[in-house]
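Trainee: Take a look at the following structure, please.
Values quoted throughout were computed directly from the atomic coordinates according to the rules given, and no laboratory measurement underlies them. What you see is a predicted model, and the numbers here were worked out from it, not measured in a lab. For neighbour counting, all protein chains shown are included, and Cβ atoms are generated from backbone atoms with ideal geometry for every residue, glycine included.
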Amino acid sequence: MKLLELRTLTARYGAGDVLKGIDIDVDEGEIVALLGANGAGKSTTLRAISGLVPHVAGDILLGGKSILGQKTEAIVRLGISHVPEGRRVFPGLTVRENIVLGASNRGRLSRAAMDREVGEKFELFPDLHRLRDALGWTLSGGQLQMVAVARGLMAQPRVLLLDEPSLGLAPLIVQQVFKIIAQIRERGTTVLLVEQNAHMALSVADRGYVLETGRVLVAGSPTALWEDPQVRAAYLGGLAAG
Amino acid sequence: MAIFLQLLFTGLGIGAIYALVALGFVLLIRAASVVNFGQGQFSMVGAYLLVVCFNVLGLPYLLSMLIAVILMAGFGVLFAGATYWPLRHRGGLPVIISTIGASIFLENIVLVLYGPSPEVLPGLFDSPGIQVGPVFMDSQYLSILVSATLLVILQYVIFEKTLLGKKLQATSQDKEMASLLGIPVAMMILITFAYSAALGGLAGMLVAPVLFVSVGMGGLIALKAFAANIIGGYGSIPGAILGGLALGVAETMGASYISVPYKDAFAFFMLLMFLMVRPQGLFGEKISEKA
Ligand SMILES: Nc1ncnc2c1ncn2[C@@H]1O[C@H](COP(=O)(O)OP(=O)(O)O)[C@@H](O)[C@H]1O
Ligand SMILES: [Mg+2]
């Protein structure tokens, strides 16, 4: 079943379209990777879905209903949780407070329910448990990424949008992050994953799209993308490295 | 020593007023990145609302204050709607200019309604004060100090101990991220404006019996509060409180020991010293640098 559909989506900030009519489908329970070089429009795609880009056209459907033009806060309440580029953990709040605020899109939670859910996140990210009272600005990059993902999961999203979770992390931490992404899918959450690290992304994804300057260049299964010589040469440089 | 303690008491009293106004100022900087040049006029409008409720309508004093504080919260929302909302996507400067415009507008409206001669408000208590050892504690200064302390505690509890407080803090640290979590950012900003106006208004009501109620009373208070902000560390909440208190004490001591006519100059002398020697203030912000 199609959960999230982008239909000839165009987006621009000022003059000049950054997205030039892209079509992307994400089925329920899938991990879909969105790949492409720096500046291709990957983050803009996620930001458009979350209602953060001022000018968008085409359509965005969640469970068959258009969400185009809705306010960001409303879109999150409909079940799209966005873990943006750069993690954006609140620097002056503690790890636990950051995670708790992730449930702001849902109604009032009882203290017991909140404690239970935060506890579950600490099981998923054991390192965070001992850091629960540390302020955001004191954390390392890997720790910030885990807080950001844990916070994003508190929304109980139908779709989780992850923007470059591996960026700037040491290889060992990157592996840990991707292990957790696989775990998230096993729990039934649908993921749209933006990555420059194509090798890692395609290793967990069910399907992938490659963007080039605001258009979808190719789409398909990881193996198909893997073997497309054009893609390989130009966009999956990570393959050689990885 | 007796005189020193007496001056310390008076200085802390007046400093508490600066601190309350400075606090409202800082909260708006943090939550909405708004440098509100109408903060002092909040105090002026608050004091005039108390004049209307108590002097004109003859309501009991505490009830008058309560009504005036509630009206000020609503006024803060209106003020946000007029100065901030239409310009919120245009960056800081247009909003600063519109708050300056609003402050001039408010002063002139009150001038038309009440004229240039100051109004007189009695203090909260009939008794002039109490003698504690060598210090005579004027009842109004005492009410200012007690109210300011209670407000600071209340604010600490709201901001640090409640979910609403955490959402307000999140909004002040990263508005876009807050909206991505489903926090109603616009509502958080309006709450901050309402709170900030109520705080400024209350400061005006508390200081009114000491200063008289006049159209121009807000301007000087706001300048002092702004100086308190720089001294305490721009954007810092504890800095606003300590900066305000330090300024009140410094100018009271300066006026008494050095020269009365230069009373207001001490505040700005202190501001200049800080800008030259320690521009980050008492509490230089780590968080805003990191964010
Ligand atoms: N806030 C913005 N305002 C104007 N242009 C932007 C903004 N964000 C991104 N762009 C432009 O949009 C294009 C795509 O950027 P982005 O979506 O961030 O790419 P990617 O995430 O694939 O690296 C780039 O050319 C970038 O300069
Ligand atoms: Mg990007």
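Trainee: Give the Cα extents of chain B along the principal axes, in whole Å, largest first.
Mentor: 57, 48, 35
Trainee: At what distance in nm do the modelled label points of A:Glu120 and A:Asp23 sit from each other, each positioned 7 Å from its Cα along Cα→Cβ?
Mentor: Here the modelled spin labels are 3.6 nm apart.
Trainee: Normalise the Debye intensity by I(0) for region A:69-132, one equal point scatterer per Cα, no solvent, then take log10 at q = 0.22, 0.23 Å⁻¹ and round to two decimals.
Mentor: With one equal scatterer per Cα and no solvent, log10 I(q)/I(0) is -1.10, -1.16.
Trainee: If we restrict to alpha carbons, what Rg and Dmax does the protein assembly as shown come to, in Å?
Mentor: According to the Cα coordinates of the protein assembly as shown, Rg and Dmax are 27.9, 91 Å.
Trainee: Another question, then. Determine the sum of side-chain charges near B:Ala32: Lys and Arg each +1, Asp and Glu each -1, restricted to other residues whose C-beta is under 10 angstrom from that of B:Ala32.
Mentor: Summing Lys and Arg as +1 and Asp and Glu as -1 gives +3.
Trainee: Report the gain in length on full extension from B:Arg278 to B:Ser139: 0.36 nm times residue separation, minus Cα-Cα distance, nm rounded to one decimal.
Mentor: 46.4 nm is the gain from fully extending B:Arg278 to B:Ser139.
Trainee: I would also like to ask the following. Over the Cα atoms of region A:14-121, what is the Rg over Rh ratio if Rh follows Kirkwood?
Mentor: Computed over Cα atoms, the ratio is 1.00.
Trainee: Quick one: give the max-minus-min coordinate of the C-alpha atoms of region B:144-273 along each principal axis, largest first, in Å.
Mentor: Between the extreme Cα coordinates on each principal axis of region B:144-273 lie 55, 32, 25 Å.
Trainee: Moving on to the next point. Run through every distinct alpha carbon pair of region B:1-117 and return the Kirkwood hydrodynamic radius in angstroms, one decimal place.
Mentor: One decimal place: 16.0 Å for the Kirkwood radius.
Trainee: Report the gain in length on full extension from A:Gln156 to A:Arg215: 0.36 nm times residue separation, minus Cα-Cα distance, nm rounded to one decimal.
Mentor: Numbers: separation 59, 0.36 × 59 = 21.24 nm, distance 3.05 nm.
That works out to 18.2 nm of additional length.
Trainee: Modelled label-to-label distance, B:Phe105 and A:Ser203, 7 Å Cα→beta-carbon offset: nm?
Mentor: Here the answer is 6.0 nm between the modelled labels.
Trainee: Here's something else I'd like to know. Measure of size requested: the Rg and Dmax of region B:48-168, with Cα atoms as the atom set and Å as the unit; please supply both.
Mentor: 18.8, 56
Trainee: Further question on the same structure: Nearest 10 degrees, 0 to 90: what angle lies between the long axis of helix B:237-253 and the longest principal axis of chain B (Cα atoms)?
Mentor: With both axes taken from Cα atoms, the answer is about 20 degrees.
Trainee: So, one more: Return the Cα extents of chain A along principal axes one, two and three, sorted largest first, each rounded to a whole Å.
Mentor: 50, 40, 35
Trainee: Once label points are set 7 Å from the Cα along Cα→Cβ at both B:Leu163 and A:Lys179, what is their separation, rounded to one decimal in nm?
Mentor: 3.3
Trainee: Going down the list A:Lys2/B:Lys161; A:Lys42/A:Lys65; B:Lys175/B:Lys224; A:Lys20/B:Lys167, which pairs span over 32 Å between their C-alpha atoms?
Mentor: Correct reply: A:Lys2/B:Lys161; A:Lys20/B:Lys167.
Trainee: What is the Cα convex hull volume of region A:180-238 when expressed per residue in Å³? List each step's numbers first, then the result.
Mentor: Numbers: hull volume 4.7 nm³, N = 59.
Per-residue hull volume (Cα only) is 79 Å³.
Trainee: Rounded to the nearest 0.05, what FRET efficiency do A:Ser66 and A:His129 give with R0 = 35 Å and r taken as the Cβ-Cβ distance? Could you check?
Mentor: Details: r = 41 Å, r/R0 = 1.16.
Efficiency, from the Cβ-Cβ distance: 0.30.
Trainee: If all Cα-Cα distances of region A:33-91 are sorted into 5 Å bins from 0 onward, what percent lands in each bin, rounded to whole numbers?
Mentor: In order of increasing distance, the bins hold 4, 16, 26, 25, 18, 9, 2, 0 percent.
Trainee: Output the 0 to 90 degree angle, nearest 10, between the alpha-carbon long axis of helix A:111-124 and the longest principal axis computed from the alpha carbons of chain A.
Mentor: 60
Trainee: With springs only between Cα atoms under 10 Å, which of B:Gly40, B:Gly115, B:Gly218 fluctuates most in a Gaussian network model of chain B?
Mentor: Taking springs between Cα atoms under 10 Å, the residue moving most is B:Gly115.
Trainee: A follow-up question, please. With +1 on each Lys and Arg Cβ and -1 on each Asp and Glu Cβ, and nothing else charged, work out how big the dipole of region B:103-202 is about its Cα centre, in Debye to the nearest 20.
Mentor: Around 400 debye, computed over region B:103-202.
Trainee: Using DSSP to call loops (not H, G, I, E or B), can you name the trypsin sites (Lys or Arg not before Pro) in region A:144-242 whose Cβ has at most 14 other Cβ atoms within 10 angstrom?
Mentor: A:Arg187
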